[in-house]
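The values are calculated or read from the model by the stated rules, or taken from the named source; none is laboratory data. All figures in this text were calculated on a predicted structure; none of them were measured in a lab. No Cβ is skipped: glycine too gets one built from the backbone with ideal geometry, and neighbour counts run over all protein chains shown.
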Amino acid sequence: MEKSLEVDFINSIAEKFMRSPLQMNKIHQSDAEIIKLNCDSEIMIAITADTISEEIKFGLYDNPFLIGWMAVVVNMSDLAAVGASPLGIVVAESFTHNLEKTFISKIQEGIEAACRACNTFMLGGDISSTDQLSLTGCAIGILQGKKFLSRIGCIPGDIIYSTGKLGRGNSFALKKFNRLDHVDLDYKPIARLRESKSLINFAKCCMDTSDGFVSTLDQIRQLNNCGIKLIDDWESIIDEDAKVICKKLNIPLWFLLAGYHGEFELVFAVSPDLEGSFLSNCKKNNWKPIKIGRVIDSPQLILNLNGKEKNVDSSFIRNLSFQHSSDVKSYIKALFEYDEKLR
């Protein structure tokens, strides 16, 4: 499998900086940065930052309410992936000169609505003028008891679950870029903060699907030196509305897992020994995880395509999104070319 271009790029930047002695996670090992308040404290702070910019520039997010909503959710999802309870968020909003006041107001409505949905608060931020509309959020959460979820810890035999069905994020992107305005597909993801409370005592690793499902599995696979085999009936884990988009466009269903616009579900591993207790806890808390696969020894992503088990190069697919991030058509073309090789 290929090396991840994104990982190498991040490493080239991060190596310039000194690491804090109070930081609990190493680079790439968690969705948010985990900081002890002091050496003896059982309270830790989770911090994360994310920007909504490219999604606006390329027309994926053109609804101002959704722009504000996503500026919060992308950050709160990172807190959920480490098991933190949010304290709040600060948002830097960069507006273009000709942006209407009603548009700006709708963005704020989206921010507030997402904060309420996440039971948290907009604490402050910054405003500026720019040539490209963008919002950058920085969310802060709290962890107690020296426990947090990371991307490290799964071993062969562990069972892989998701907090919800997958593919809706990529189907929304396909709908927008193919102008399927007549197709009813709402996109308003939520941060799985409530579900993550069930994971803190059971999950051996956890990561959100903000960059798409295959990219998530590739990161987990590389960090844990393992492979992942999806269930044979993997089509059952895909969102039903998303399948409609693929059918209309005559696009292979597995593309919904490969694309780099995610749905912000949590993907996590549970030991078989704890599976029963975990499922009982989920039922008690009124949610049902979706089983999606199993951790294997071989460093591969195994997917059943056309009745045959195929080794899907998750790093190659992840690199495609990095190489073609500004050209959706060439990205889809590259996926079709890879699909031909798998057949």
| message | Can you tell me which condition ALA92 does not meet? The list is (1) under 22 Å from the mean Cα position of the chain (by Cα); (2) more than 21 Å from ASP208 (Cβ to Cβ); (3) part of a helix (DSSP H, G or I), and all the others hold. | response | (3)
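Out of all the residues in the range 237-257, is one or more closer than 25 Å to LEU199 by Cα, in contact with a Pro (Cβ under 9 Å, 6 or more places away or on another chain) and at pLDDT 95 or above?
In the first step, residues of the range 237-257 are kept if they are closer than 25 Å to LEU199 by Cα; the result is 237-239, 257.
So of that shortlist, the ones also in contact with a Pro (Cβ under 9 Å, 6 or more places away or on another chain) come out as none.
No, the conditions are met nowhere in the range 237-257.
Take residues that are of a type outside the set (D, E, K, R) and tell me which of the strands (runs of 3 or more DSSP E) falling wholly in the range 234-343 contain 3 or more.
On the way: elements: 266-270, 290-296, 301-305, 308-312.
Ranges flagged: 266-270, 290-296, 301-305.
Looking at SER210, is it polar (S, T, N, Q), assigned to a loop (DSSP other than H, G, I, E, B), closer than 14 Å to LEU166 by Cβ and not assigned by TED's automatic domain parsing to the domain that holds VAL74? Steps first, please.
Values: polar (S, T, N, Q): yes; assigned to a loop (DSSP other than H, G, I, E, B): yes; closer than 14 Å to LEU166 by Cβ: yes; not assigned by TED's automatic domain parsing to the domain that holds VAL74: yes.
So SER210 fits the description; yes.
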| query | Looking only at the range 51-83, which residues are crowded, with 20+ Cβ neighbours inside 10 Å, outside any helix (DSSP H, G or I) and within 16 Å of the chain's Cα centre (by Cα)? | reply | ILE52, GLY83
| said: So LEU22 ticks every box in (1) under 15 Å from SER150 (Cα atoms); (2) touching a strand residue (DSSP E or B) at 6+ places or on another chain (Cβ under 9 Å) but one. Which box is left unticked? | reply: (1)
| request: Search the range 279-295 for residues that are crowded, with 17+ Cβ neighbours inside 10 Å and modelled with pLDDT under 95 and pair each with any residue that is in a loop (DSSP other than H, G, I, E, B) and not β-branched (Val, Ile, Thr) when their beta-carbon atoms are under 7 Å apart and the residues are at least 6 apart or on different chains. | output: none
| query | For the subset of the range 26-54 comprising residues that are out of contact with any helix residue (DSSP H, G or I) (no Cβ under 8 Å at 6 or more places or on another chain) and of a type in the set (S, T, N, Q), which member is nearest to CYS138 (Cα to Cα)? | reply | THR51
